[in-house]
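**Student:** This is the structure, below, for whatever I ask next.
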There are 2 protein chains.
Amino acid sequence: MRKKRRHLRHHVSKRKLHCMMLFNLGMYPDPNFYYLTKYDGYGCLILLKDREILLVPPMEYQRARKTVKGTSVKMYKKDFWDVLRKHARGKNIGLDYNSITLSFMKVIRKEMRKKSFVDISPVLREQRAVKTQDEIKTLKKACSISDKILKRFFSSFSRFRTEKQAAQFLETEAVKEGCGLSFPPIVASGSGAAEPHHAPKDTPIKKGFCIIDFGVKYNGYCSDTTRTVYVGKPSEKDKEIYNLLLNAQKDVVSSVRPGMRCSEPHKMIMHKLGDYGRYFIHGLGHGVGVEIHELPNLKPKSKEVFENGMVFTVEPGVYIGSRLGIRIEDTVLLDARPKVLTRISKDLRIIKKSG
Amino acid sequence: MRKKRRHLRHHVSKRKLHCMMLFNLGMYPDPNFYYLTKYDGYGCLILLKDREILLVPPMEYQRARKTVKGTSVKMYKKDFWDVLRKHARGKNIGLDYNSITLSFMKVIRKEMRKKSFVDISPVLREQRAVKTQDEIKTLKKACSISDKILKRFFSSFSRFRTEKQAAQFLETEAVKEGCGLSFPPIVASGSGAAEPHHAPKDTPIKKGFCIIDFGVKYNGYCSDTTRTVYVGKPSEKDKEIYNLLLNAQKDVVSSVRPGMRCSEPHKMIMHKLGDYGRYFIHGLGHGVGVEIHELPNLKPKSKEVFENGMVFTVEPGVYIGSRLGIRIEDTVLLDARPKVLTRISKDLRIIKKSG
């Protein structure tokens, strides 16, 4: 945590800033603020060249001090802006343009006159793409929890009558494990499987391929897994398409190396899918961390290059009209070689009957 | 829904705008976008003087058409900004400054050159403070679901060993009811009860007052209830303070009338709490709707005036150092007279033993 903030403080000097200010004052924890502090309460983090200050309201003071080490924690009462002005002297101030709304910026400009503001979000976006050892440990744990939940989920699958029931099982298990969700779970059967962002419905699970896309948030870090099961009896053709996709996914995952362009795997998968490539209609993957979508992007136009410590998804899919949808997704860590963190089996599960 | 959008479209002419644009492109549904459409997928709503258009990606087209009636739903593919520019002609464009980040504004300015932008968030904030009949129905349902869950919660309370277990029970029940959460549940026992925003801990529930603050999100609308129980045997003094607060809360709730200033109830509660007023350290309440905090504010400096159709909380508390914390909160609808929507009993529950 300290190292992350120190890295950012180098940029204070490098960019001739007086300080950077990161706010957490909204309903949802701000991703960059949380990334730098692991503290999710209200506050403002001020990073100066040679020190750092965390301003919090009195009711959060004890908790903030316990959570954030190596930072001077100070209280504000009704004098938030006074205290802020006192610590954030100087003209040039770095702000996270990805999190500050136009309304809040009006307030900042009113309260902090005669300042110049600079966008520091690109620095943070790049920094977050490469994970620290601590972050990798947390991400591994998130993935192993979701593996455990998905195992229980598939053992119970034949009991679920509707997509919604199935999705609720996943949500409830996440709560039991003391986790949040990376995103609302997707359970998409029948023609719904052909809609990549299908919302689970209150209607019976249909025959055919059924996509389950699920991730937990453990200590603020996300996991992301997709598996596709078959409800009923798949034809030989169905199995053939599934295995084509599965083998393509495995091959592409294992070919990722540091130094490779992040646009490369998308090309590879298109090549491996052959004629079925035209049924693959979304990006191949995305970085995973405190947010479910971060750098690197595994898209054809991606500019990033793979580095050790990156954690990302590889999730090709085949969606044929309203007839069929299959997607297979893992969360992968690059550590010299790619390591799949979501380890639940990818072999086709055939569910004889549902409900 | 149509009425709400029509109301906003009046402001297009009134403020000499060509159109308003509301975006929903982030991880969490944008509150104003959802308020106007009840559709939570990606999209952009364009409101013109005489018509309205909802732009959505292909994978959301069917769902958007089913959800949003009275609007022309159109698809975009990779040409999002082209399609947007086609429909949003004219110079003056209204935007919701409460939801657009500085980063996104950079993109908007780049893609929509030579336009003038106007903040429409104040209009929306005011509009949302007074609920429609449909919204009231949904809010009533949210409150009745949370009543049901809290009833089960209190019957099970003596079984919970830790605050976290108790909070997880509430979360799990919300999922079972097909609901989300208004906010992470608060279960604060012992000295934790004296911290208004206490995060549930993995340690045993302590003796003394224990505050439970909980709300569900049903069809996008929030409920908000706080009850305080006593674990162990309360002293006569404890009961006295509890009942002082309870009676003050009831009196203040029942005195609210249309036309009254929203700052008034705070003064009344301070008067009724007498010497204990100095232990009441936060605002008395807030509006409730698609967000858990909206207008009106029931604070000493509040400028709003009560109107029929407003839905808000009344939540006085007494927090004495680290010794004791009590809070009692209802969600209330103003409909000529105040109607308490969260109907679970407020009499002091005494839990002999926990765990």
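Values quoted throughout were computed directly from the atomic coordinates according to the rules given, and no laboratory measurement underlies them. Here the structure is a predicted model, which is why all the values come from computation and not from measurement. Glycine gets a Cβ as well: all are built from the backbone with ideal geometry, and neighbour counts include every protein chain shown.
**Student:** Based on the alpha-carbon gyration tensor of segment B:178-267 and its eigenvalue square roots a ≥ b ≥ c, which shape applies: rounded if a/c is under 1.5, prolate if not and a/b is larger than b/c, or oblate? Walk me through the numbers before you get to the answer.
**Tutor:** Details: a/c = 2.53, a/b = 1.14, b/c = 2.21.
Here segment B:178-267 falls in the oblate category.
**Student:** In addition: Taking θ = phi - 60°, what integer Hz values does the Karplus form 6.51 cos²θ - 1.76 cosθ + 1.60 yield along segment A:13-28, in sequence order, with x for Gly and Pro?
**Tutor:** Using θ = phi - 60°, the values come out as 5, 3, 9, 6, 8, 7, 7, 10, 10, 10, 10, 9, 10, x, 5, 9 Hz.
**Student:** Let me ask something additional. When Lys and Arg each count +1 and Asp and Glu each count -1, what net charge do the other residues less than 13 Å away from A:Glu315, Cβ to Cβ, add up to?
**Tutor:** Here the charged neighbours net out to +1.
**Student:** Give a quick list of trypsin sites (Lys or Arg not before Pro) in segment B:107-141 that DSSP marks as loop, anything other than H, G, I, E or B, with at most 14 other Cβ atoms within 10 Å.
**Tutor:** Passing both the DSSP loop test and the Cβ count: B:Arg113, B:Lys114.
**Student:** Follow-up. With a ≥ b ≥ c the root eigenvalues of the C-alpha gyration tensor of segment B:2-127, is it rounded (a/c under 1.5), prolate (a/b larger than b/c) or oblate?
**Tutor:** Rounded is the answer for segment B:2-127, as its axis ratio a/c remains below 1.5.
**Student:** Turning to a different aspect of this structure: Segment B:264-342: which trypsin sites (Lys or Arg not before Pro) are DSSP loop and have at most 11 other beta-carbon atoms within 10 angstrom?
**Tutor:** B:Lys301, B:Lys303
**Student:** Residue by residue, what Karplus-based ³J(HN,Hα) values in Hz, rounded to whole numbers, does segment B:305-321 have, using 6.51, -1.76 and 1.60 with θ = phi - 60° and x for Gly and Pro?
**Tutor:** 10, 5, 10, 4, x, 7, 10, 8, 9, 10, 9, x, x, 10, 10, 9, x
**Student:** Still on this structure, please answer the following. For A:Gln62 paired with A:Lys267, estimate the spin-label separation in nm (one decimal), with each label point 7 Å from Cα along the Cα-to-Cβ line.
**Tutor:** Label at A:Gln62, label at A:Lys267, 5.9 nm between them.
**Student:** I've got another one for you. Where Lys and Arg each count +1 and Asp and Glu each count -1, what net charge lies around A:Gly180 among other residues with Cβ under 15 Å from its Cβ? Can you show the working numbers first?
**Tutor:** Numbers: positive: A:Lys38, A:Lys141, A:Lys176, A:Lys217, B:Lys164, B:Lys217; negative: A:Asp40, A:Glu171, A:Glu173, A:Glu177, A:Asp224, A:Glu291, B:Glu171.
Local charge sum for A:Gly180: -1.
**Student:** Averaged across the residues of A:58-68, what count of C-beta atoms belonging to other chains lies within 10 Å of each residue's C-beta?
**Tutor:** Going residue by residue through A:58-68 and averaging, the value is 2.
**Student:** Something else now. Write down the Kirkwood hydrodynamic radius of segment B:58-165, to one decimal in angstroms, obtained as one divided by the mean of 1/r over all alpha carbon pairs.
**Tutor:** 18.8
**Student:** Between B:Ser322 and A:Ser13, take the C-beta separation as r, use R0 = 41 Å, and let me know the FRET efficiency to the nearest 0.05.
**Tutor:** For R0 = 41 Å, the calculated efficiency reads 0.45.
**Student:** Can you work out the Karplus-derived ³J(HN,Hα) for every residue in segment A:340-346? Use 6.51 cos²θ - 1.76 cosθ + 1.60 with θ = phi - 60°, whole Hz, and x for glycine or proline.
**Tutor:** The phi angles translate into 6, 8, 9, 9, 5, 3, 9 Hz.
**Student:** What FRET efficiency would be calculated for the residue pair A:Glu111, B:Met260, taking the C-beta separation as r and a Förster radius of 41 Å, to the nearest 0.05?
**Tutor:** Once the sixth-power term is evaluated, E becomes 0.80.
**Student:** In addition: Given the Cα-Cα distance of A:Thr132 and A:Asp82 and 0.36 nm per residue of separation, how much length would full extension add, in nm?
**Tutor:** Additional length available on full extension: 14.5 nm.
**Student:** Based on alpha-carbon centroids, what's the gap between segment B:25-77 and segment A:306-355 in Å, whole number please?
**Tutor:** 30
**Student:** Moving on. Using a Debye calculation, one point per C-alpha and no hydration shell, please list log10 I(q)/I(0) for the protein assembly as shown at q = 0.09, 0.11 Å⁻¹ in order.
**Tutor:** With one equal scatterer per Cα and no solvent, log10 I(q)/I(0) is -0.89, -1.38.
**Student:** If amide H atoms are built 1.01 Å from N in the plane of the peptide, which residues on other chains or at least 5 residues away come under 5 Å of the amide H of B:Cys262?
**Tutor:** B:Glu304, B:Val305, B:Phe306
**Student:** Place +1 on the Cβ of every Lys and Arg and -1 on the Cβ of every Asp and Glu in segment A:2-129, take the dipole about the Cα centre, and give the residue among A:Tyr39, A:Ala88, A:Leu55 whose Cα lies farthest towards its positive end.
**Tutor:** With unit charges placed on the Cβ atoms, the residue in question is A:Ala88.
**Student:** Same structure again: Can you bin segment B:237-319 into rounded, prolate or oblate? Criterion: square roots of the alpha carbon gyration tensor eigenvalues sorted a ≥ b ≥ c, rounded for a/c under 1.5, prolate for a/b above b/c, oblate for the rest.
**Tutor:** Prolate, since a/c reaches 1.5 and a/b exceeds b/c.
**Student:** Between beta-carbons, use under 15 Å as the cut-off and find the net charge around B:Gln62, counting Lys and Arg +1, Asp and Glu -1.
**Tutor:** +3
**Student:** Quick one: which residues, 5+ away or cross-chain, put their amide H under 5 Å from the amide H of A:Phe183? H built at 1.01 Å from N.
**Tutor:** HN-HN under 5 Å from A:Phe183: A:Gly215.
**Student:** Based solely on C-alpha atoms, express the radius of gyration and the Dmax of chain B in angstrom.
**Tutor:** Taking only Cα atoms of chain B, I get Rg and Dmax of 22.8, 71 Å.
**Student:** Right, here's the next one. Anything over 30 Å Cα to Cα? Flag those among B:Lys4/B:Lys151; A:Lys115/B:Lys115; A:Lys114/B:Lys4, in the order listed.
**Tutor:** As for pairs spanning more than 30 Å Cα to Cα, those are B:Lys4/B:Lys151; A:Lys114/B:Lys4.
**Student:** Using the basic label-point model (7 angstrom from Cα toward the beta carbon), what is the A:Glu240 to A:Lys352 distance in nanometres?
**Tutor:** Calculated label separation equals 2.7 nm.
**Student:** Related question: Search the structure for amide H atoms under 5 Å from the amide H of A:Thr162, placed 1.01 Å from N in the peptide plane, and list their residues when 5 or more places away or on another chain.
**Tutor:** Under 5 Å from the amide H of A:Thr162 lie the amide H atoms of A:Ile205, each far enough along the sequence or on another chain.
**Student:** What is the distance, in nm, between label points placed 7 Å from the Cα along the Cα-to-Cβ direction at A:Lys69 and at A:Asp50?
**Tutor:** So the label points at A:Lys69 and A:Asp50 sit 2.5 nm apart.
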